[in-house]
Ligand code: PMV
């Protein structure tokens, strides 16, 4: 009753922000993401009647109680489906900073979904894996697949069609991503709380929901045409639209720091000088720069030198979550 999985982080090009059903964790808008090759979570799950209670180790330490409880609630559903009640030992490791806007919840819950269902002996169809991952974190189903992935908004009230689907494999378009880490501190307001506050207080929320489908359609088209300039322009647009929405909550949500803005401005300068570079930012201060592989070294050198940038991680597109041999080692730092 033990299994291990590896799952990659993903970064949304068309952002998800807002929930239409909080208990079922259903998104209020669809989203489109890319799956990253080198930012990985590795998670082992073992169920045993010998364990006294669920245990969670995260990056080598006992996890805080709130996180352990979140994982226990998630495992309860799997235990109910598999018809047993054994406690679990969960050991999870990220090869990148946790909880600072680098999609650790997405890779974390995608890895947990695969490892826990396999350890419980459940063989589930893709839509059920998506549903489980979504209950852990709204962006987690996207990490189940590689390359370019859409998280469907879905129309059914119970969420059965709010699932991730692969759009194109990683080889479809050779994109490179540079991640400028501007702080390693955990964010103060998580995405769930931020989304609820935005839905409750922002006068722009309705417009955000109404314009979501058109953004998705435009991105699907740009991806099908491998139109990198369009993809980048749309990704920046969706990012700034999401942050504009977050600013308009009350009190406003500001996820950026001075280095975040310095990187955004440097990327804009590159763009104006004819280099294909675009930024996107999630609910945190790190800036992800989309570019083509041949420009990566130049851009990496430039943004690494900006004040406040602690380090830059360079990656490309990769495969989705997969089960691995329990004995294999932790993925190396990128
Ligand atoms: O999966 P969550 O609940 O952490 O939400 C992720 C929200 C953003 O990262 C800001 C946008 C996205 O689509 O990934």
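The values are calculated or read from the model by the stated rules, or taken from the named source; none is laboratory data. Keep in mind that this is a model prediction, so the values were computed, not measured. Cβ sites come from the backbone with ideal geometry, for glycine too, and all protein chains shown count toward neighbours.
Just name the residue that is surrounded by the most Cβ atoms within 10 Å (Cβ to Cβ) out of those in region 176-194 that are in contact with a strand residue (DSSP E or B) (Cβ under 6 Å, 6 or more places away or on another chain) and at pLDDT 95 or above. Among residues in region 176-194 that are in contact with a strand residue (DSSP E or B) (Cβ under 6 Å, 6 or more places away or on another chain) and at pLDDT 95 or above, the one surrounded by the most Cβ atoms within 10 Å (Cβ to Cβ) is 180. Scanning region 163-173 for residues that are more than 16 Å from the ligand (Cβ to nearest atom) and closer than 15 Å to residue 13 by Cα yields a count of 4. Just one residue in the set 220, 250 is more than 14 Å from the ligand (Cβ to nearest atom), surrounded by fewer than 19 Cβ atoms within 10 Å (Cβ to Cβ), under 20 Å from the mean Cα position of the chain (by Cα) and touching a residue at least 40 places away in the same chain (Cβ under 8 Å); that residue is 220.
Yes/no matrix, rows are residues, columns are (1) crowded, with 19+ Cβ neighbours inside 10 Å; (2) under 13 Å from the mean Cα position of the chain (by Cα); (3) touching a residue at least 12 places away in the same chain (Cβ under 8 Å); (4) on the phi < 0 side of the Ramachandran plot:
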{"residue": "4", "(1), (2), (3), (4)": "yes, no, yes, yes"}
{"residue": "8", "(1), (2), (3), (4)": "yes, yes, yes, yes"}
{"residue": "15", "(1), (2), (3), (4)": "yes, yes, yes, yes"}
{"residue": "21", "(1), (2), (3), (4)": "no, no, yes, yes"}
{"residue": "28", "(1), (2), (3), (4)": "yes, no, yes, yes"}
{"residue": "31", "(1), (2), (3), (4)": "yes, yes, yes, yes"}
{"residue": "34", "(1), (2), (3), (4)": "yes, yes, yes, yes"}
{"residue": "39", "(1), (2), (3), (4)": "yes, yes, yes, yes"}
{"residue": "43", "(1), (2), (3), (4)": "yes, no, yes, yes"}
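Might you let me know whether region 151-162 holds any residue that is within 16 Å of the ligand (Cβ to nearest atom), closer than 23 Å to residue 192 by Cα, in contact (Cβ under 8 Å) with a residue 60 or more places away in the chain and not in a loop (DSSP other than H, G, I, E, B)? Yes, there is a match, as at least one residue in region 151-162 is within 16 Å of the ligand (Cβ to nearest atom), closer than 23 Å to residue 192 by Cα, in contact (Cβ under 8 Å) with a residue 60 or more places away in the chain and not in a loop (DSSP other than H, G, I, E, B). Annotation: of all residues in region 290-314 being more than 16 Å from the ligand (Cβ to nearest atom) and in a strand (DSSP E or B), the one that is surrounded by the fewest Cβ atoms within 10 Å (Cβ to Cβ) is 311. Of 49, 64, all but one fail to be modelled with pLDDT under 95, surrounded by fewer than 18 Cβ atoms within 10 Å (Cβ to Cβ) and farther than 30 Å from residue 291 by Cβ; the exception is 64.
Taken over region 200-217, the criterion of being within 13 Å of the ligand (Cβ to nearest atom) and under 16 Å from residue 138 (Cβ atoms) is satisfied by 208, 212, 216. Note on region 139-148: among residues that are surrounded by 24 or more Cβ atoms within 10 Å (Cβ to Cβ) and more than 11 Å from the ligand (Cβ to nearest atom), the one that is nearest to residue 196 (Cα to Cα) is 144. The residue that is modelled with the lowest pLDDT, among those in region 99-122 that are under 23 Å from residue 35 (Cβ atoms) and surrounded by fewer than 19 Cβ atoms within 10 Å (Cβ to Cβ), is 99.
Can you pull out the helices (runs of 4 or more DSSP H) entirely within region 23-138 that have at least 2 residues that are within 24 Å of residue 175 (Cβ to Cβ) and within 16 Å of the ligand (Cβ to nearest atom)? Outline the logic, then answer.
Values: elements: 65-82, 104-119, 126-136.
Filter on region 23-138 gives 104-119, 126-136.
Of the residues in region 223-232, at least one is out of contact with any strand residue (DSSP E or B) (no Cβ under 8 Å at 6 or more places or on another chain), away from the ligand (no atom under 16 Å from the Cβ), in a loop (DSSP other than H, G, I, E, B) and on the phi > 0 side of the Ramachandran plot.
Among the residues of region 12-22, those identified as near the ligand (Cβ under 7 Å from one of its atoms) and either out of contact with any helix residue (DSSP H, G or I) (no Cβ under 9 Å at 6 or more places or on another chain) or closer than 12 Å to residue 280 by Cβ (or both) are 12, 15.
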